[in-house]
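Undergrad: Here it is, the structure, as structure tokens.
Derivation of every value follows stated rules applied to the coordinates shown; laboratory data play no part. Quick caveat: nothing in here was measured; it's all calculated off a predicted structure. Backbone-built Cβ (ideal geometry, glycine too); neighbour counts: all protein chains shown.
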Amino acid sequence: MHCPDCRHPDTRVLDTRVRDESIRRRRVCNECAFRFTTLERVYNSKLLVEKRNGKLEEFSTAKLTRSIEIACAKRYLPVRAIEETVEEIRALAMSDGRERIESGVIGEMVLNRLRSLDQVAYMRFASVYKDFDDLERFTAEATNLEQPDSEVSRIQGMLLPSPASPAQLHTTARRN
């Protein structure tokens, strides 16, 4: 494993922890003493994403992470919120044992999670995902966002459970 700081090829493992479907290793570079964490996962099968145009491509956590990071740029979010979101979506997508998933299902999962994490990030992602072409659609979505009991919210809630809100996380952190 190459060091992400100095690119030296010699690193050693300090700690290994087994999680549900992955192995977390804490490593140190033997050259510069930089410490970093790696996450190893076993992929038994390839999950294909079916795009709107019918094209198939392999599911990419890096691509999903990048799109969520763009929506969340310069927003306050709980530590590891993006990684946890991506991991939950990947796990849900692969849990059924199916070989294909529609990109729309993944998009709805992301929207549901962002809705409870950060409303601005939600609107950023929704504006690209739903392809808003005018201000009226954008305004309608913002109005719909303020109504948590909407039909869209109920359907999205079935796709992916919502985490604690950032305000709840702050309150919990202050008590500890």
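Undergrad: Need the failing condition index for Arg90 against (1) within 22 Å of Asp131 (Cα to Cα); (2) not in a loop (DSSP other than H, G, I, E, B); (3) not polar (S, T, N, Q), just the number.
TA: Checking Arg90 against (1) within 22 Å of Asp131 (Cα to Cα); (2) not in a loop (DSSP other than H, G, I, E, B); (3) not polar (S, T, N, Q), the one that fails is (1).
Undergrad: Under 7 Å between Cβ atoms, at least 6 apart or on separate chains: pull out the pairs that start in region 54-82 with a residue that is farther than 16 Å from Ser103 by Cβ and end on any residue that is acidic (Asp, Glu).
TA: Between residues of region 54-82 that are farther than 16 Å from Ser103 by Cβ and residues that are acidic (Asp, Glu), the close pairs are Cys72/Asp118; Arg75/Asp118; Leu77/Asp118; Ile82/Glu69.
Undergrad: Looking at the structure I just gave you, is Val28 touching a helix residue (DSSP H, G or I) at 6+ places or on another chain (Cβ under 8 Å), of a type in the set (A, V, I, L, M) and assigned to a strand (DSSP E or B)?
TA: On the way: touching a helix residue (DSSP H, G or I) at 6+ places or on another chain (Cβ under 8 Å): no; of a type in the set (A, V, I, L, M): yes; assigned to a strand (DSSP E or B): yes.
When the stated conditions are applied, Val28 does not pass them.
Undergrad: Got a sec? Which of Arg35, Arg80 is among the basic types (Lys, Arg) and within 30 Å of Val120 (Cα to Cα)?
TA: Just a single option satisfies the conditions, and that option is Arg80.
Undergrad: So if I check each of Leu77, Leu92, Leu39, which one is surrounded by fewer than 18 Cβ atoms within 10 Å (Cβ to Cβ), hydrophobic (A, V, I, L, M, F, W, C) and in contact with a strand residue (DSSP E or B) (Cβ under 8 Å, 6 or more places away or on another chain)? Steps first, answer last, please.
TA: Values: Leu77 fails: in contact with a strand residue (DSSP E or B) (Cβ under 8 Å, 6 or more places away or on another chain); Leu92 fails: in contact with a strand residue (DSSP E or B) (Cβ under 8 Å, 6 or more places away or on another chain).
Matching residue, one of Leu77, Leu92, Leu39: Leu39.
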